[in-house]
Amino acid sequence: MNTTPSLPPSRPAVPWLKPLLFVLVAAIGLYYVKWSPYYLKSFVAADKHSIGASILANAPTAPWSAALEYAGVYFAAIWKAAVLGVLLGSLVQVLVPRDWLLRVFGRAGLGSTLRGGLFALPGMMCSCCAAPVVAGMRRQQVSVGAALAFWMANPVLNPATLVFMGFVLGWQMAALRLVAGILLVVGVALVAQRVSQAQAQPAALPQAALDAVAQADQGEQADSARPFLLRWGRQLWQLFWSTIPIYIVVVLALGAARVWLFPQVDASMGNSLLWIVALAVVGTLFVIPTAAEIPIVQSMLSLGMGVGPAVALLMTLPSISLPSLLMLRSSFTPRVLVTVTVMTILIGAASGLAAVVLF
């Protein structure tokens, strides 16, 4: 009779240890990059009714000089948040279990979209800095609606920006931004989700979905056997090269283009529909740091711009941008990204028209 004692089974790793590490990294990073600086800036906004000069002021007339000058100012303002965005976008793929993400953000519907928007509120990132996190979420098969809501709610519903806006531009303007921002985030996310579902082929969808999930599970199990640093380094490298180089190039291009995109502002830029729509288009494509729309609009209003075009910029400048759209070109289909762009322009223009009536 064999009396050799059997070895006790090895204990599985604590399932919440890695997600807890992700939350810890996110909290420390956001405190350093966002929460602490914005807390201090809120006192400046309340005291001086300003948070600084417009990033578009005193632009050089030569396109190349304008590109270098704007890129220097822009990246000096956002580089810490950009690094944090890439870091979190890679860590969400290796520290947060995919089934956890799918339980919260995996379904295509209102509930998942609302949760995506709510989880974005502590981030307070600009659209470009949030884009790597969204890319990481999409690689984990988070739904289109939830990922878009997270992406757009970061800049549009940024609580710190709304506080700054109240002190600098008035609380009525901040209230309009909040209401229109909720409609923008939820409306765009839900419509784009339906567009993405309409692109699927119903006859082949069930088997294709099963095959995709099976392949993803097999790949995740094989990948989990590798050392953590190796897995993280691979995701970090892939995410960096798929987002950052094109980001830098397009920021330079837009910095040069601001010579033509933002003409001299005066009282002739009134509340006409033409100016409202034109600036809604420009604001949707242009790129700015977090909360930079506030001094931009404050400066333009002081120079005589009508409230309609100003509010169109206030809504569209932070929402999305050409660089962030290109950074997510592999995460969403072209039809989804076009839908997001067109709806942002339309809601921005509608907000400008509403401001003409209300103010």
Angle between the Cα long axis of helix 63-94 and the longest principal axis of the chain, 0 to 90 degrees, nearest 10? 30
Work the Kirkwood hydrodynamic radius out for segment 104-157: mean of 1/r over every pair of different alpha-carbon atoms, inverted, in Å. 10.4
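Relative to the compact globular guide of 2.2 N^0.38 Å, what is the alpha carbon radius of gyration of segment 36-148, as a ratio?
Details: Rg = 18.0 Å, N = 113, 2.2 N^0.38 = 13.3 Å.
Its radius of gyration relative to the 2.2 N^0.38 Å reference: 1.36.
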Expected unfolding gain across Ile28-Arg226 under the 0.36 nm per residue rule, minus the alpha-carbon gap, is 68.6 nm
Is it possible to state the helix-based mean residue ellipticity at 222 nm for the chain, with each DSSP H run of 4+ residues giving -39500 (n - 2.57), the sum divided by total residues, to the nearest 500 deg cm²/dmol? What is it? -24500 deg cm²/dmol
Rounded to 10°, Cα long-axis angle of helix 307-319 versus longest principal axis of the chain: 20
Just round it to a whole percent: the fraction of Cα-Cα distances in the chain exceeding 33 Å. 31
Taking the Cα-to-Cβ direction at Asp99 and at Trp241 and moving 7 Å from each Cα, how far apart do the two end points lie in nm? 3.3
Estimated dipole of the chain in Debye, rounded to 20 [Cβ of Lys and Arg +1, of Asp and Glu -1, Cα centre]: 620
Using only Cα atoms, tell me the angle between helix 110-120 and the longest principal axis of the chain; keep it within 0 to 90° and round to the nearest 10. 80
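No lab work stands behind these numbers, since they all come straight from the coordinates. Bear in mind the structure is a predicted one, so any value in this text is a computation, not a measurement. A quick note on method: Cβ atoms are made from the backbone with ideal geometry, for glycine too, and the neighbour counts reach across all protein chains shown.
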